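The values are calculated or read from the model by the stated rules, or taken from the named source; none is laboratory data. If you're wondering where the values come from, they're calculated on a predicted model, not measured in any experiment. As a convention, Cβ positions derive from the backbone with ideal geometry for all residues, glycine included, and neighbour counts pool all protein chains shown. SASA here: full protein model, heavy atoms, side chains in, ligands and nucleic acids out. Shrake-Rupley method; radii C 1.70, N 1.55, O 1.52, S 1.80 Å.
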Amino acid sequence: MKISYSPYVLRPLSTPNAVTALKEREGALLQIGWPDGRLGYADLHPWPELGDAPLDEQLTGLRNGKISAQAEQSIWLAHRDADLRQQKKSIFDSALKLKNNFVVTNCAEVDIEQLESLRSKGFTCLKIKVGRNLQVESEFINQAAARDFLLRLDFNGVGRWQIFERFMSRLEQMAFSRIEYVEDPFPFDDGAWAEARQLVPIALDNQFSRVVWKTFKRKPFDVLVIKPAKIDVERAIELCKTYSLKATVTSYMDHPVGVMHALGVAMALKKNHGKMMLEPGCLTHLLYESDLFSKEIVFIGPSILKVPGTGVGFDALLEGLKWHPIKLT
Ligand code: MG
């Protein structure tokens, strides 16, 4: 297996979540060649603020054969891409049109006019990052609920039970009834999450690695957020079946190559697991300044319709990048 990488930066338009400052985000695209001639691409976009090993460390790991779990997912995704490219197929060949939630990273930056414009473009579900300013956020959520959005709130595992509970008590009854789930309300604790679940459906995302699955006394969550960039998708689906969870596939707020990989997985899982799969959250390229890659993404409202090319697309752009070989020792 031959691995090369091409570094990139993404420029966020707004602060991404409660634990991340507004600054350029670094990542690397990987180009992986297999001995039989297949060639595939994937993204490697660590969020060190959320516990990922930094990019340099992960690239060094690839060089030394110490492959991080995240890089392992990138290799798995590149392999899917390579298969499609070899067959001259695209992730869009299934023609399955999925709606995506719209991500609000900072409520203070979205006004009512924008909310209404989103609604008229066909968005019906908002994923809202919370935990920065609970007053502003609870007002925003009440406004969004009044416009009939379905709501996903994400605390990113920071904060405490008391903050979560106080926040929930601030929401109007209508807002409460529009909440599809609350993601990572505070650091994972099966008892406390089972308690939180009495108030509102709970989703597990970035606290995944803290969960010891076999020891639950009560079910601590209802939904598993599957980020193909981070977790083993087949294992995740098995867990959903075993514990009767719903699942939603989201991108990792990463490069458009990562976004399309997540969408490809979302489409495949929707086809195979139908009802278990909730609306995905792969429309995250809008969170960054547009670039040559994101400009190739054809979307209308909440649906991504096409990226030209084979596999996850971007054929000419990927070929044109400067690739640095990683020597495998
Ligand atoms: Mg999350």
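Within the set Phe92, Phe155, the sole residue that is more than 16 Å from the ligand (Cβ to nearest atom), in contact with a strand residue (DSSP E or B) (Cβ under 9 Å, 6 or more places away or on another chain), of a type outside the set (Gly, Ala, Ser) and in contact (Cβ under 8 Å) with a residue 40 or more places away in the chain turns out to be Phe92. If you check Lys295, Lys246 for being free of Cβ contacts under 8 Å to residues at least 12 places away in the same chain and more than 17 Å from Ser6 (Cα to Cα), only one passes: Lys295.
Residues in segment 93-128 that are surrounded by 16 or more Cβ atoms within 10 Å (Cβ to Cβ), touching a helix residue (DSSP H, G or I) at 6+ places or on another chain (Cβ under 8 Å) and hydrophobic (A, V, I, L, M, F, W, C): Leu98, Phe102, Val103, Val104, Cys107, Val110, Leu115, Leu126, Ile128.
Quick grid of which residues meet (1) open to solvent by 10 Å² or more (accessible area, probe 1.4 Å); (2) away from the ligand (no atom under 15 Å from the Cβ); (3) modelled with pLDDT under 95:
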| site | (1), (2), (3) |
| --- | --- |
| Glu234 | yes, yes, no |
| Ala247 | no, no, no |
| His255 | no, yes, no |
| Lys270 | yes, yes, no |
| Met276 | yes, yes, no |
| Pro280 | no, no, no |
| Phe293 | yes, yes, no |
| Val298 | yes, yes, no |
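A search for C-beta distances below 9 Å between a residue of segment 190-207 that is over 12 Å from Phe221 (Cβ atoms) and any residue that is open to solvent by 20 Å² or more (accessible area, probe 1.4 Å) and within 16 Å of the ligand (Cβ to nearest atom), counting only pairs 6+ apart in sequence or on different chains, returns Asn206/Leu50; Asn206/Gly51; Asn206/Lys227; Asn206/Lys230.
Ala194 falls short on exactly one of the conditions (1) of a type in the set (A, V, I, L, M); (2) surrounded by fewer than 24 Cβ atoms within 10 Å (Cβ to Cβ); (3) within 15 Å of the ligand (Cβ to nearest atom), and that condition is (3). Specify the residue that is modelled with the lowest pLDDT; the eligible residues are those in segment 7-48 that are of a type in the set (Gly, Ala, Ser) and open to solvent by 10 Å² or more (accessible area, probe 1.4 Å). Taking the candidates together, the pick is Ala18.
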